[in-house]
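Enquirer: The structure is given below, and queries will be raised subsequently.
Taken together, the values in this text are just the output of simple stated rules run on the coordinates, not laboratory data. Please read all numbers here as calculations on a predicted model, not as lab measurements. Cβ placement follows ideal geometry from the backbone for every residue including glycine, while neighbour counts extend to all protein chains displayed.
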Amino acid sequence: MSSQQQDQSTDTSTPASSSPIERASKVNLLGMTQAELEDFFLNIGEKKFRATQILKWVHQLGVVDFAVMTNISKVLREKLAQVAEITPPKVLEQWDSTDGTRKFLICMSGGNAVETVFIPEGGRGTLCVSSQVGCSLDCSFCATGKQGFNRDLSAAEIIGQVWIAAKSFGQFEEGATRKVTNVVLMGMGEPLLNFDNVVASMNLMMHDNCYGISKRRVTLSTSGVVPALDRLGEYTDVCLAISLHAPNDELRNQLVPINKKYPIAMLLASAQRYIDGLPDQRRKITIEYTLIDHVNDRPEHAHELAELLAEVPVKINLIPFNPFSLSNYKKVSNNALRRFQQILIDAGFTTTIRTTRGDDIDAACGQLAGKVNDRTRRSERYKIDMEAFTNASNDTIPVRLIP
Ligand code: SF4
């Protein structure tokens, strides 16, 4: 709190209680960028510098009660309490894995909940953030996709996940031992289908008056919404990850259905343009490849992938598929995983294997499900499909369930 200049510091009044109707009409400042907050203050007849004060209180000190913002006059604090609020989403439940991973189930309006995962590793703390309630894209290996889709998260609900994790680890206090140092937009949802809110929240993650996370430590992962990816470079320069998962269109059409609309060549060309537009030319695209037993884990797939990516500046992250109840895919064998990696390394690619973290609390990649009031009714269809699959005799069991 030392960075905040005090004026009228003797005042410690709590906010006046307000009725639900009054609260509903208040604007939530949590997800507002500096520019949006400046506009807000100008609109209520105040100076723009108040925006900086609010950002620091909320995102550097974790304070959401106007009454204790002691460098803001009592009159303005009371005025703010009448028209605005700072309301992070609520944590419904929290699980801690034996490996230190922490998963939050976070309540969002409309009876929905999303999951957010914090993964510690040495001095690093990576937060995997959700951008939508469910997902409309229905990738065949993904638990979120099976849940169907409800809605986009607001910027407040996205940055609220960072705020909650930071608060949970005492990051807003002096001497915190754990911090959110990295953010990956790889949780529930396709970030580029919620473009404006995702861009605004990434802006807050990186802003010096907020969390100050380097652009090299914020990664947006997309399954390939090409028109939005083509616009991304105009707004941000965060790291880019592509959820590829297949070396050719035929297989990718089955695993990642949006590929039928934006095939691999179109996607890689768009990703290349994004990277080419960054001031730092040494950055690489991360290719995410979930390895599924007997689906995309054969040596010929690895060779085909190496050929496909030969001219693209990439590093490759192999992710062993994590089984979940609505899928009959199986985990890749260790032999197939190592063989696949070696082929890519021999072809000259930096190729890592993502360590499975938090699988005792269902927090591993592809396992996030949350609670989605499914407007697409897709989750019902998958349950019926799985029942048919489970009840089928051996000779009628399909090789895999692909929608
Ligand atoms: S992998 Fe990503 S884009 Fe595909 S269904 Fe899951 S959350 Fe959506």
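Enquirer: Can you tell me how much longer the chain between Ser73 and Gln94 gets when fully stretched, taken as 0.36 nm per residue apart minus their C-alpha distance, in nm with one decimal?
Expert: Numbers: separation 21, 0.36 × 21 = 7.56 nm, distance 3.70 nm.
Going from the current span to full extension adds 3.9 nm.
Enquirer: Residue by residue through segment 123-136, which ³J(HN,Hα) values in whole Hz follow from phi under the Karplus form 6.51 cos²θ - 1.76 cosθ + 1.60 (θ = phi - 60°), with glycine and proline marked x?
Expert: x, 8, x, 9, 10, 9, 9, 8, 10, 9, 8, x, 7, 8
Enquirer: On to the next question. Please work out how much length the chain gains when fully extended from Ser325 to Asp346, using 0.36 nm per residue of separation minus the C-alpha to C-alpha distance, in nm with one decimal. Present the calculation step by step, with values, prior to reporting the outcome.
Expert: Details: separation 21, 0.36 × 21 = 7.56 nm, distance 3.57 nm.
Separation in residues times 0.36 nm, less the Cα-Cα distance, equals 4.0 nm.
Enquirer: Most exposed first by the Cβ proxy, i.e. fewest other Cβ within 10 Å, how do Leu267, Leu92, Leu55 rank? All intermediate terms of the calculation are to be shown ahead of the outcome.
Expert: Details: Leu267 23, Leu92 13, Leu55 20.
Result, fewest neighbours first: Leu92, Leu55, Leu267.
Enquirer: On to the next question. Stick to the Cα atoms of segment 98-175, pair each with every other, and give me the Kirkwood hydrodynamic radius in Å at one decimal. Working shown, then result.
Expert: On the way: mean 1/r = 0.0729 Å⁻¹.
One decimal place: 13.7 Å for the Kirkwood radius.
Enquirer: Can you tell me the relative contact order of segment 20-85? Whole percent, Cα pairs under 8 Å, sequence separation 6 or more.
Expert: Value for segment 20-85: 38 percent.
Enquirer: By counting other Cβ atoms within 10 Å of each Cβ, how are Thr351, Thr177, Thr87 ranked from fewest to most?
Expert: Ranking Thr351, Thr177, Thr87 by Cβ neighbours within 10 Å, fewest first, gives Thr177, Thr87, Thr351.
Enquirer: In segment 90-396, what % of DSSP beta bridges are antiparallel (nearest 5)? Intermediate values should be presented prior to the final figure.
Expert: Details: 23 of 46 bridges.
Close to 50 percent.
Enquirer: Give the calculated FRET efficiency between Lys47 and Ala265 to the nearest 0.05, with a Förster radius of 56 Å applied to their Cβ-Cβ distance. Can you show the working numbers first?
Expert: Details: r = 52 Å, r/R0 = 0.92.
According to the calculation, E is roughly 0.60.
Enquirer: Separate question: Among Ser325, Ser130, Ser109, which comes first, second and so on when ranked by fewest other beta-carbon atoms within 10 Å? Intermediate values should be presented prior to the final figure.
Expert: Details: Ser325 13, Ser130 29, Ser109 10.
The order, fewest Cβ neighbours first, is Ser109, Ser325, Ser130.
Enquirer: Next question, about the same structure. How big is the Kirkwood radius of segment 213-348, worked out from every pair of different alpha carbons and given in Å to one decimal?
Expert: About 15.5 Å for segment 213-348.
Enquirer: Among the listed pairs Lys103/Lys261; Lys56/Lys79; Lys48/Lys79; Lys90/Lys261; Lys47/Lys74; Lys79/Lys103, which are separated by more than 26 Å between their Cα atoms?
Expert: Working: Lys103/Lys261 34 Å; Lys56/Lys79 19 Å; Lys48/Lys79 16 Å; Lys90/Lys261 37 Å; Lys47/Lys74 15 Å; Lys79/Lys103 37 Å.
Long pairs (Cα-Cα over 26 Å): Lys103/Lys261; Lys90/Lys261; Lys79/Lys103.
Enquirer: Something else: From Cα pairs below 8 angstrom and at least 6 apart in sequence, can you work out the relative contact order of segment 90-396, rounded to a whole percent?
Expert: Numbers: 613 pairs, mean separation 62.4, N = 307.
Reported relative contact order: 20 percent.
Enquirer: Sticking with the crude label model, points 7 Å out along Cα→Cβ, report the distance from Glu36 to Arg338 in nm, one decimal please.
Expert: My value for the distance between the label points is 4.9 nm.
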